[in-house]
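Novice: The following block contains the structure, expressed as structure tokens.
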Amino acid sequence: MRLLTHNMLSSNIKGVEKGFPLRIEAEKVVEKPVEMNADFLRKMFEKVEWKAFLEASRSMGYAQLPEEVDSGMLESDEFLSRFHHALLELHLEEGALVCPETGRRFPVNKGIPNMLLHEDEV
Amino acid sequence: MASRPELVAPPEIFYDDAEARKYTSSSRIVEIQASLSERALELLALPDDGIPKLLLDIGCGSGLSGETLSENGHHWIGLDISPSMLNVAVEREVEGDLLLGDMGQGLGLRPGVIDGVISISAVQWLCNADKSSHNPILRLKAFFTSLYRCLANGARAVFQIYPENINQRELILKAAMRAGFAGGIVVDFPHSTKKRKEFLVLTCGQRAVNSMPEGKDDDGESCSDDDSEDEENQTVRVSDRHRPQKKQKWNKSGKGKEWIKRKKEQMRRRGNAVPPDTKYTGRKRKDRF
């Protein structure tokens, strides 16, 4: 699972009001290089919740993203390539996602988070 | 074995390891899935600006439909309930991200982030109650409302569906409309039993509600339904309503051509196979028949 997906994902348990962001417990992180597309990055930049993204990238062991960002930074190639690396190339292979409100763990196996809810959570 | 997998077992059990492998190694299924997802992508009508989009694939299975999305340069997130299917997808090294989840439990996604949704032959599974806790109406509602929330304004969702009967189609369509979607059903090749494919095309937000795409047909003609024609027939005059019941009984010549045409139009809009309107429509048979 890439951080792109993590940034879109929230906990869906009944009664949870703020299920975002899910905390990452990383056991194994892999990198898969993909081609960079600046237009896509610029577009995703508007959608990404930076604070959650920053935290997620740190818990995956990547600490080269700046604390504060503004849209002017999108002109810098260096920032774009870091953003690209964190957003699309880092994959959470094994570990878990933890709901920030209830503490419920969603295990991640082979890169697939198990988001199935139990019957009493629907 | 029944011809519809929905009738055999719940999806997470039906698509076990063996079935998942069989599904992905059959060249016929691969071909059908590819053509369906291509058509669904076409119906999504994404803006043609060369920027990759973030799409969602509901019931992505082994990622056959996602492959089409990747080929067109888009990023996608796939959701499926069958772990075996997802395992096959991992083995095939699909480019999208995969989630193990149940669409009937609602989608846990942030609001307004998804640019478009496709789903190939999946939504009809929601009409089944496979566990005692399942209620198809509630599951459809949870699915469509959460979907509506996570879509960006003006985004479209295209579902290729195989409804078992008219009731299922109505159930799905109604749930979608209640969630706030605009749109309807596009039927490709409506006159062929085998090639006939139904696409539920939904639009979220304000983008041109009345611009439904047209279905394909064998002879290259498009077969859309034009609603503007029969509008005058549908208005009910006040004086009609207050007439005593007796007079509303049919006269000798049956319900009349207008009535038949209106009903046929109605059935067509639901995507049913309806014979074409000809000069014989609504005519009385000869006595000697």
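The values are calculated or read from the model by the stated rules, or taken from the named source; none is laboratory data. The shown structure was predicted, so the numbers you read here are calculated from the model rather than taken from an experiment. For neighbour counting, all protein chains shown are included, and Cβ atoms are generated from backbone atoms with ideal geometry for every residue, glycine included. The protein model used for the area step is the full one, side chains on, heavy atoms only, and it has no ligands, DNA or RNA in it. Shrake-Rupley method; radii C 1.70, N 1.55, O 1.52, S 1.80 Å.
Novice: Could you give the dipole magnitude of the protein assembly as shown about its Cα centre, charging the beta-carbon of Lys and Arg +1 and that of Asp and Glu -1, in debye to the nearest 20?
Specialist: Dipole size: approximately 3620 debye.
Novice: Bin width 5 Å, alpha-carbon pairs only: give the P(r) of the range A:3-121 as whole percents, running from 0 to the bin holding the largest distance.
Specialist: Percent of Cα pairs in each bin: 2, 11, 22, 22, 18, 13, 8, 3, 1, 0.
Novice: Can you put B:R288, B:R270 in order of accessible area, largest first, using a 1.4 Å probe?
Specialist: B:R288, B:R270
Novice: For the range B:5-204, what proportion of DSSP beta bridges, expressed in % and rounded to the nearest 5, is antiparallel? Could the numbers behind the result be given before it?
Specialist: Values: 13 of 32 bridges.
Counting only bridges with both partners in the range B:5-204, antiparallel ones make up about 40 percent.
Novice: Among B:P52, A:V29, A:L116, pick out the residue whose Cα is farthest towards the positive end of the charge dipole of the protein assembly as shown, where Lys and Arg carry +1 and Asp and Glu carry -1 on C-beta, about the Cα centre.
Specialist: Comparing the listed Cα positions along the dipole, A:L116 ranks first.
Novice: Could you sort out which of A:K14/A:K47; A:K18/B:K22; B:K194/B:K255; B:K131/B:K263 sit more than 32 Å apart by Cα distance in this structure?
Specialist: A:K18/B:K22; B:K194/B:K255; B:K131/B:K263
Novice: Name the residues of the range A:73-122, by number, that are at least 40 Å² less accessible with every protein chain in place than in the isolated chain; the surface is that of heavy atoms, probe 1.4 Å, without ligands or nucleic acids.
Specialist: A:K110, A:I112, A:L116, A:E119
Novice: Let me ask you something else. Tell me, what is the per residue accessible area of the protein assembly as shown in Å², probe radius 1.4 Å?
Specialist: Value returned for the protein assembly as shown: 53 Å² of accessible area per residue.
Novice: Once Rh for the protein assembly as shown is found with the Kirkwood sum over Cα pairs, what is the Stokes-Einstein diffusion coefficient at 37 °C and 0.692 mPa s, in µm²/s?
Specialist: 140 µm²/s
Novice: Additional query: With +1 on the Cβ of every Lys and Arg and -1 on the Cβ of every Asp and Glu, and nothing else charged, how large is the dipole of the range B:5-204 about its Cα centre, in debye rounded to the nearest 20? Present the calculation step by step, with values, prior to reporting the outcome.
Specialist: Details: 19 positive and 25 negative charges, 164 e Å.
Charge dipole, the range B:5-204, about its Cα centre: 780 debye, nearest 20.
Novice: Between the alpha-carbon centers of the range B:57-94 and the range B:131-178, tell me the distance in whole angstrom.
Specialist: Centre-to-centre (Cα) distance: 21 Å.
Novice: Which residue fluctuates the most in chain A, going by a Gaussian network model with Cα springs under 10 Å, if the choices are A:G95, A:G19, A:G72?
Specialist: Comparing A:G95, A:G19, A:G72 in a Gaussian network model of chain A, the most mobile one is A:G72.
Novice: Report the gain in length on full extension from B:E38 to B:K261: 0.36 nm times residue separation, minus Cα-Cα distance, nm rounded to one decimal.
Specialist: 76.8 nm
Novice: Counting only DSSP beta bridges with both residues in the protein assembly as shown, tell me the antiparallel percent, nearest 5.
Specialist: Rounded to the nearest five, the antiparallel share is 60 percent.
Novice: Please compute the net charge surrounding B:L54, taking Lys and Arg as +1 and Asp and Glu as -1 over other residues with Cβ under 9 Å from its Cβ.
Specialist: +2
Novice: To the nearest 100 Å², how much accessible surface do chains A and B hide from each other in total, with a 1.4 Å probe?
Specialist: By this definition, chains A and B bury close to 2600 Å².
Novice: Which lysines, on any chain, are close to B:K257 with Cα under 25 Å apart, when same-chain ones fewer than 8 places away are left out?
Specialist: B:K246, B:K247, B:K249, B:K279, B:K284, B:K286
Novice: Next question. Between B:T193 and B:E214, how many nm apart are label points set 7 Å from Cα along the C-beta direction?
Specialist: 2.8 nm
Novice: Please give the solvent-accessible surface of A:R58 in Å², to the nearest 10, using a probe radius of 1.4 Å with every protein chain present.
Specialist: 110 Å²
Novice: Could you name the lysines whose alpha carbon sits less than 23 Å from that of A:K43, not counting residues in the same chain fewer than 8 places away?
Specialist: In chain and number order, the partners are A:K32, A:K51, B:K53.
Novice: Using +1 on the beta carbon of Lys and Arg, -1 on that of Asp and Glu, and nothing else charged, what's the dipole of the range A:3-121 about the Cα centre, debye to 20?
Specialist: That gives the range A:3-121 a dipole magnitude of about 280 debye.
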